[in-house]
Amino acid sequence: MLRRVSLTALVAVVAGLAVVASAVARPVSATAAAASCKTVQIGMLAPITGAAGSIGSDQLHWAQFYFTQWNKVRGHVKIKLVQGDTQLDPSKASTVAQSFASNKSIMGVIGPAGSDEVQAVAPILRKGGLAFASGSATRVSLTNGSQRGYFFRDVPNDGVQGPTAANYMFSQLGVKSGSNVMVVDDQESYSTGLADIVGQNLSGKGVHVDRESISQKDTDFSSLIAKVTSSTKVVYLPFQLASQAQLFAQQLKAQGKSAVAFGSDGTFDSSKFNVSGSYISFFAPDVTTIPADASVVAQFQKQYPGATSPFGAPNYVLAQMYANAVTKACKDHKITRAELRKDFAKVSLGKTILGTPVRFTANGDLAGAKFHIFKIVNGKYQTVQ
Amino acid sequence: MNWNLFVTEIVAGVTHGSVYALIALGYSMVYGILKLLNFAHGDIYMVGSFIGFGLITVFGGSEALNVNIVLLLFLMFFCAMLGGGLLGVMIERFAYRRLRNAPRIAPLITALGVSFFLENAAQLVLGAQFQSYNSFGWKNGELWIRGFTLPAGVHVGIAQVIVVAGTVILMVGLTLFVQRTQTGKAMRATSFDREAAAMMGIDVDRVIVVTFFIGSALAGAAGVFNGIAYQQVWPYMGFQAGLFAFIAAVVGGIGNLPGSVLGGLVIGLAQSFATGYISSTFESAVVFAILIVVLIVRPSGLLGRAAVQKV
């Protein structure tokens, strides 16, 4: 008898704990109650630690920098940035997204950084009614309409990157109808997709495209480079690992080939890919080279000394857009996630530190987006387009 | 016919095949003595490569080396071979020795465990990021600018010569050691029949330790060769290299030392010719196709001897 009572009590306790746990873990519904506008919280999903830690920290710093400036000037509505470290890992991003969705104080999210992460967190944040905006996820399919009204980005997608790279090769690097270009992917979805787009664009212009493939574990490209002929003008390397692009470009030079190595945004890291004479495309400009941004950059570097990369500035603009949307949503001194989401979608900035106006299309893409091209000179990236 | 492409593929294949051959020799030696597939062998190669990288860093880094290149190379090979050899001995002593008479699946699983342990430990201690020997930057790229040109106009850099010549020297040294020395004779006897060798007074434990030391030292050297020729080092580099070297050992005839070298060269050349003449996408497919064909036509490998089953 005593045993049965104990068993029943145990089951009751477990059931009770389960109910409490599910209540705690349940995301706030999309129609959550309004919150006060005294301090509005915005979550930030970024790879603050791990292999991409330098990128994530830069993204975090630029967003923090904007809100710090905002809070100094706009006393009536403070904005607090809540950090969430994803380590560029979709599963970790999902865990942090779950905690953001469950936190009633968080009204919107900046990030995540990677396209795989965006796909992983989308159902969670959408269920929580949160807007989320990335300053670096460029996969085309992310803005195919399935996340309309929830997901946004202020950087161009790969559908812009491919044609931009192909056009630049054609107009500036001596590629013309009949010449050869080698396009090499690293067998990952980002790389194969981008390689396909560039290959199709070049083929459409009458260029002979030699489509090749390597794995991310390969280190010897000499066999492949042997196929680069004297009429091969460019070798396009849309890799995810900058160090692999470096290796390829070094081996290209070692074999005495004159073809130019051309990397994509995945290889944008001047500490790892820095073979002089190579080119690289990237979704954001280098704000340190834009004269109009000089004072902003100087203030940023005063607050966060050290080097900054073009990965950071788009997050400053996203923070700026959230601040605009918060101001609008807080007119009645209360804010809801749904209100902020709707106002965020409508924000239009005529002038930004990116050097271009920023507003979103209906699907959340950046309107009038363009990619930027850099040339590597003495190991440093110089904007050429 | 494009002779430049043909000769370049031969140079690339022989260079890469040399690295495979050195790793495959270690696989073959251990298998010959213990009938153990030491899957941690590829990770000893990784450790050897990191030892070489550590020395480059100690001497100022690739762009600002403050030591003569010949001395640096000597130190790298010495330390990597010594470090790799000692690591191999430790693995044998602490992971495999107690399992010597256990069913064969036990040391096999243990070898996989040791492999994971080394990879994860390296990641924990050294970080997950790719590091580079950047031999293109040593003393303004001397290792790649200097060299000689083959008739088809193919430039062969000193770095590639070091890899191929170094492999030949180590291979000849190993052959002489196994054939001409007392310890080598003991190794051959142990390989032929471990129990009979023990009964004839051979210290089998010592032979096994020496075998692990030499095989692992060769893997350490292969790690440095790889760094010089292909630059990159990272904690998981041993997996793929170990896999292809294992295939090389099987293709050549596992347990047979010349067979391992032949297998390494066959795999290296197959990879480069597949890339050059078919497509880089099918490089691995061609290698595995060769493995399958060899296993069907000649199951004991190209130079392996068929085992005689006593009934």
Once Lys and Arg get +1 and Asp and Glu get -1 on their Cβ, which of A:THR267, A:ALA226, A:PHE239 lies farthest toward the positive end of the dipole of the range A:159-282?
A:ALA226
Based on Cβ point charges of +1 for Lys and Arg and -1 for Asp and Glu, what charge dipole magnitude is obtained for the protein assembly as shown about its Cα centre, in debye rounded to the nearest 20?
1640
When A:ASP186, A:ASP89, B:ASP205 are ordered from fewest to most other Cβ atoms inside 10 Å of their Cβ, what list results?
B:ASP205, A:ASP89, A:ASP186
Local electrostatic count, A:SER309, Cβ distance below 10 Å [Lys/Arg +1, Asp/Glu -1]:
-3
Projected onto the charge dipole of the protein assembly as shown (+1 at Lys/Arg Cβ, -1 at Asp/Glu Cβ, origin at the Cα centre), which of A:GLY111, A:ALA165, A:SER213 gives the Cα projection farthest towards the positive end?
A:GLY111
With B:ASP205 itself left out, Lys, Arg at +1 and Asp, Glu at -1 over residues whose Cβ is under 15 Å from its Cβ give +3
What FRET efficiency would be calculated for the residue pair B:VAL168, A:ASP332, taking the C-beta separation as r and a Förster radius of 56 Å, to the nearest 0.05?
0.10
Gaussian network model of chain A, Cα within-10 Å springs - most flexible of A:ASN167, A:ASN157, A:ASN274
A:ASN167
Test item: Cα-centred dipole of chain A, Lys/Arg +1 and Asp/Glu -1 on Cβ, debye:
1380
Take the alpha carbon gyration tensor of the range A:247-385, find the square roots of its eigenvalues, order them as a ≥ b ≥ c, and report rounded if a/c is under 1.5; if not, report prolate when a/b exceeds b/c, else oblate.
prolate
Based on the Cα coordinates of chain A, what is the per residue volume of their convex hull in Å³?
166
Quick one: Debye curve from the alpha-carbon atoms of the protein assembly as shown only, equal weights, vacuum; give me log10 I(q)/I(0) at q = 0.11 Å⁻¹ to two decimals.
-1.12
Could you tally the net charge around B:THR190, taking each other residue with its Cβ under 15 Å from the Cβ of B:THR190, Lys/Arg +1 and Asp/Glu -1?
+2
Dividing the helical contributions, -39500 (n - 2.57) per DSSP H run of n ≥ 4, by the residues of chain A yields a 222 nm value, nearest 500 deg cm²/dmol, of -13000 deg cm²/dmol
Rank B:MET90, B:MET199, B:MET29 by mean-square fluctuation in a GNM of chain B with C-alpha springs under 10 angstrom and give only the top-ranked residue.
B:MET199
Just need log10 I(q)/I(0) for the range B:234-292 at q = 0.12, 0.15, 0.20, 0.24 Å⁻¹, Debye formula, equal scatterers on the alpha-carbon atoms, no solvent, rounded to two decimals.
-0.28, -0.43, -0.72, -0.93
Of the range B:244-280, those with amide N under 14 Å from the point 7 Å along the Cα→Cβ vector of B:ARG305 are B:254-259
Quick check on the range B:182-284: take the gyration tensor over C-alpha atoms, sort the square-rooted eigenvalues as a ≥ b ≥ c, and tell me if it's rounded (a/c under 1.5), prolate or oblate.
prolate
With a Förster radius of 30 Å, plug the Cβ-Cβ distance of B:GLU195 and B:PHE117 into 1/(1 + (r/R0)^6) and report the FRET value to the nearest 0.05.
0.45
What is the distance, in nm, between label points placed 7 Å from the Cα along the Cα-to-Cβ direction at B:ALA128 and at A:SER271?
1.6
If a helix is a whole DSSP H run, which ones in chain A reach 27 Å or further along their own axis (Cα) and hold a mean Kyte-Doolittle hydropathy of at least 1.0?
A:2-25
Given the Cα-Cα distance of A:LYS346 and A:GLN172 and 0.36 nm per residue of separation, how much length would full extension add, in nm?
58.9 nm
Over chain A, with a Gaussian network built from C-alpha contacts below 10 Å, which listed residue (A:ASN180, A:ASN71, A:ASN315) shows the highest mean-square fluctuation?
A:ASN71
In the structure displayed, which of A:LYS227/B:LYS139; A:LYS78/A:LYS351; A:LYS80/A:LYS331; A:LYS92/A:LYS272; A:LYS272/B:LYS139 lie more than 21 Å apart, Cα to Cα?
A:LYS227/B:LYS139; A:LYS78/A:LYS351; A:LYS92/A:LYS272
Does the range A:159-282 come out rounded, prolate or oblate by the C-alpha gyration tensor, with a ≥ b ≥ c the root eigenvalues, rounded set by a/c under 1.5 and, if not, prolate when a/b is larger than b/c and oblate if not?
rounded
Rounded to the nearest 20 debye, what is the charge dipole size of the range B:151-229 about its Cα centre when +1 sits on each Lys and Arg Cβ and -1 on each Asp and Glu Cβ?
160
Report the FRET efficiency, 1/(1 + (r/R0)^6), for B:ALA106 and B:ASP205, where r is their Cβ-Cβ distance and R0 is 25 Å, rounded to 0.05.
0.85
Projecting the Cα atoms of B:SER279, B:SER260, A:GLN98 onto the charge dipole of the protein assembly as shown, where Lys and Arg contribute +1 and Asp and Glu -1 at Cβ, the residue farthest towards the positive end is A:GLN98
How would you rank B:226-234, A:122-130, B:95-103, A:217-225, highest first, on the average number of other Cβ atoms within 10 Å across their residues?
B:226-234, A:217-225, A:122-130, B:95-103
Over chain B: helical MRE at 222 nm, DSSP H runs n ≥ 4 each giving -39500 (n - 2.57), nearest 500
-23500 deg cm²/dmol
For the residue pair A:SER91 and B:PHE74, what label-to-label distance in nm results when each label sits 7 Å from Cα along the Cα-to-beta-carbon direction?
5.0
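Coordinate-derived values only; no laboratory data. Predicted, not measured: the structure shown is a model, and the values here were computed from it. For neighbour counting, all protein chains shown are included, and Cβ atoms are generated from backbone atoms with ideal geometry for every residue, glycine included.
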